[in-house]
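Here is the structure we will look at.
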Amino acid sequence: MPYLNVSTNVILVIVGIGLLIFVHELGHFLMAKKIGVRVLAFSLGFGPAIFKKQWGETEYRLSLFPLGGYVKLAGEGPEEEKTGSSWEFSAKSVGQRASVLVAGVALNAVLAFIAFVVAFRIGVPFITPEIGQVAPGWPAWDAGIQRGDKIVAIDGSKDPDFEDLFTIVALSDPSTGVNLNIERDGKTFDVKVTPKYDAEHGIQRIGIMPATSLEIDKIFAFENNYSPARDAGIQVKDVIVAVNGKQIATEDEFREVEATSPGKEIALTVLRGNEEKRLKVVPFQSTRWMLGLSCATAILDGVKNNSIAIKAGFRKGDEIVEVNAKPVTGFSDVRNLIMSAEEETIVFTVKKNETVTLISVPLGDEKVKGEFLDGLAPFYGLKVDSVVDGYPAQKIGLKPGDKILSLNEKEIKDWSSLLQQVMMGQGKPMVIEWIRGNERFVSPIEPQKDEKTAVSTIGVKFREKTVIRQYGLFGSCVVGTKKAIINVQRLYLTIKGFFSQRLSTKNVGGFILIAQASYESAKVGFGKLVYFLGILSLQLALLNILPVPVLDGGHLLFLAIEKIKGSPVSQRTLSIAQYIGFGLIITLVIYATRNDIMRLLTL
């Protein structure tokens, strides 16, 4: 019964998140009791108390909202009248008060470790280290890594999953790179890869995506809410096993049939649970909006390892100036001159830094020419290298060599920004500005749909391949420790990214995103939910220790100042700092919730 599963998962999420905050407060409670501080109230949950009972000096409460809890210590609040009694929090030494503050963080860290151990005893699914897509021009592509390769070790860390790869690459030293042990066709070999900084995501990457299974992960709708997959009765978690009666094993096999069947009915055999179902679907012809220009420069953004080009002496950053003594404007000229050349050997004039050199490459037939070009990845800038006849760019007079400056009076900084604005414009008229020599041009331009290169699609995304990691008690402790370290590193990367402005604050998430992620984890399985709650508990511990007023770390900072100067921080300074800290936290919560709502509206 699906509704029973939904309600069970929701309850698990509420109990799980509530447990994290409750455990944090329990740490404060236990340490306060240990050092002799009276705990006036201990509440399970927030808000009005729906049940309360006095037991000794403490009133125990069950409050309306079950997400967490709180403790009230005698002599803790600045507004309270202090008597100087030994059982008051303020009467304790700096070290004792610090121990109460640290206890909450410590118990969260302990809970995280226990959660990781329990999760790995149950079994946790992780994305496998098998390579799916490899981005041309990126370090992995340069190193010769291919689709289907499996990374069996990275910098000596064996049997990694994709989460491990992501973090180790992001934290690696770009001057030394990372050492990968690759498995291909039953053989293994070592490859050294130097990560590249991705300005869009604010992290170092090598340009790989995980391999996918044939299980449906998401279903998309197109114009006018048309969704071929949904209308055909395809469901999330269905596994495609055959297309037009032919068994398939990879996403590539499915995509090949899908892309070449616009408007044609496709017969699918899907596995739903343990039952095979036969469905029929007609792919939607997906076209993209374009201006009809290319800005592929003659500067090489990547040269594939062991390729004809690398062996001939081409390197990343080289600029091809001439092909057979004929000047080139961009990579389109390079490609055209190579493919039309009648000479057995082609001579390239190449600029390497400030040095110009000649490179001769024997390219006798079309196959060899194609292999040579496949080993090169051009850098895409904003200088036009070609325009398509009949498309808007050619109609308004854009020419090779022109440099694009802005769209709709907004400066364009790179090629990806140009593509994104055109795509998001959905065909609406725009104003484009460009420069030719010392002359500026401004013209209205209306993007046009590219019917010739339209790709047909049924609107599905496949789930990444996963592996269940399950261990005995000792193995769970070892892997749990490793994952704790990995997740501390990931939190460090996130905070560093926000402060350096390399990571967009649009990625900040609040309670809604946490609830969504927790619910999705619960749907995957109990082991995944426990693992995710372990991550949240660890993050709660680490964030709480930050030196921000109102957080435990802020209180610890004031205690350190008190220890150094020999007297407590003045009540006025403390109050001002508390207001500032509270304001920062509330602002962050509001901003994060706003981001969560915007995500929901764009789903």
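The values are calculated or read from the model by the stated rules, or taken from the named source; none is laboratory data. These numbers were taken from a predicted model, which means no experiment stands behind them. Note that we place each Cβ from the backbone using ideal geometry, even for glycine, and neighbour counts take in every protein chain shown. Protein only, heavy atoms only, side chains kept; ligands, DNA and RNA dropped before computing areas. Shrake-Rupley method; radii C 1.70, N 1.55, O 1.52, S 1.80 Å.
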Looking at G45, G18, G68, which one is touching a strand residue (DSSP E or B) at 6+ places or on another chain (Cβ under 9 Å), more than 21 Å from Y531 (Cα to Cα), modelled with pLDDT under 85 and open to solvent by less than 20 Å² (accessible area, probe 1.4 Å)?
-> G45
Enumeration of residues in the range 541-551 that are modelled with pLDDT under 80, aliphatic (A, V, I, L, M) and open to solvent by less than 50 Å² (accessible area, probe 1.4 Å) = V548, L551
Within the range 117-171, considering residues that are of a type in the set (K, R) and farther than 23 Å from E253 by Cβ, the one modelled with the lowest pLDDT = K158
F284 vs. criteria within 19 Å of S456 (Cβ to Cβ), modelled with pLDDT under 90 and crowded, with 16+ Cβ neighbours inside 10 Å | yes
If N224 satisfies every condition in (1) farther than 14 Å from F462 by Cβ; (2) not in a helix (DSSP H, G or I) but one, which is the exception?
-> (2)
When both residues are 6+ apart or on different chains and their Cβ atoms are under 6 Å apart, which pairs have a first residue that lies in the range 97-124 and is over 20 Å from Q470 (Cα atoms) and part of a helix (DSSP H, G or I), and a second that is at pLDDT below 90 and among the hydroxyl-bearing types (S, T, Y)?
-> N108/S537
If you go through E215, E163, the only one that is of a type in the set (D, E) and open to solvent by 40 Å² or more (accessible area, probe 1.4 Å) is E215
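Yes or no: G263 on the phi > 0 side of the Ramachandran plot, open to solvent by less than 80 Å² (accessible area, probe 1.4 Å) and within 29 Å of the chain's Cα centre (by Cα)?
When the stated conditions are applied, G263 does not pass them.
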Some residue of the range 213-230 being among the hydroxyl-bearing types (S, T, Y), within 16 Å of the chain's Cα centre (by Cα) and modelled with pLDDT under 90 = no
What is the residue count in the range 130-176 for residues that are free of Cβ contacts under 8 Å to residues at least 60 places away in the same chain, part of a loop (DSSP other than H, G, I, E, B) and touching a strand residue (DSSP E or B) at 6+ places or on another chain (Cβ under 6 Å)?
-> 4
Return the pairs, sorted by first residue and then second, in which the second residue is surrounded by 13 or more Cβ atoms within 10 Å (Cβ to Cβ) and of a type in the set (S, T, Y), the first residue lies in the range 214-240 and is more than 21 Å from E275 (Cβ to Cβ), the beta carbons are less than 7 Å apart, and the residues are 6+ apart or on different chains.
-> F220/S227; A221/S227; F222/S286
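For (1) over 22 Å from the mean Cα position of the chain (by Cα); (2) surrounded by fewer than 21 Cβ atoms within 10 Å (Cβ to Cβ); (3) among the small types (G, A, S), each residue gets a yes or a no:
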| residue | (1), (2), (3) |
| --- | --- |
| R97 | yes, no, no |
| I131 | no, no, no |
| D155 | no, yes, no |
| D159 | no, yes, no |
| I168 | no, yes, no |
| D173 | no, yes, no |
| V178 | no, no, no |
Condition set among the polar types (S, T, N, Q) and closer than 19 Å to K395 by Cβ, scope the range 427-480, selection nearest to the chain's Cα centre (by Cα): answer is T453
For L111, all conditions in the list (1) among the aliphatic types (A, V, I, L, M); (2) out of contact with any Gly (no Cβ under 8 Å at 6 or more places or on another chain); (3) buried (at least 21 other Cβ atoms within 10 Å of the Cβ) hold save one; what is the number of the exception?
-> (2)
Of the conditions (1) farther than 29 Å from Q421 by Cα; (2) buried (at least 18 other Cβ atoms within 10 Å of the Cβ), the single one that E258 does not satisfy is (1)
The range 312-354 - residue that is assigned to a helix (DSSP H, G or I) and of a type in the set (S, T, Y) and, of those, surrounded by the most Cβ atoms within 10 Å (Cβ to Cβ) = S332
Does at least one position in the range 44-65 carry a residue that is touching a helix residue (DSSP H, G or I) at 6+ places or on another chain (Cβ under 8 Å) and either free of Cβ contacts under 8 Å to residues at least 40 places away in the same chain or within 30 Å of I561 (Cα to Cα) (or both)?
-> yes
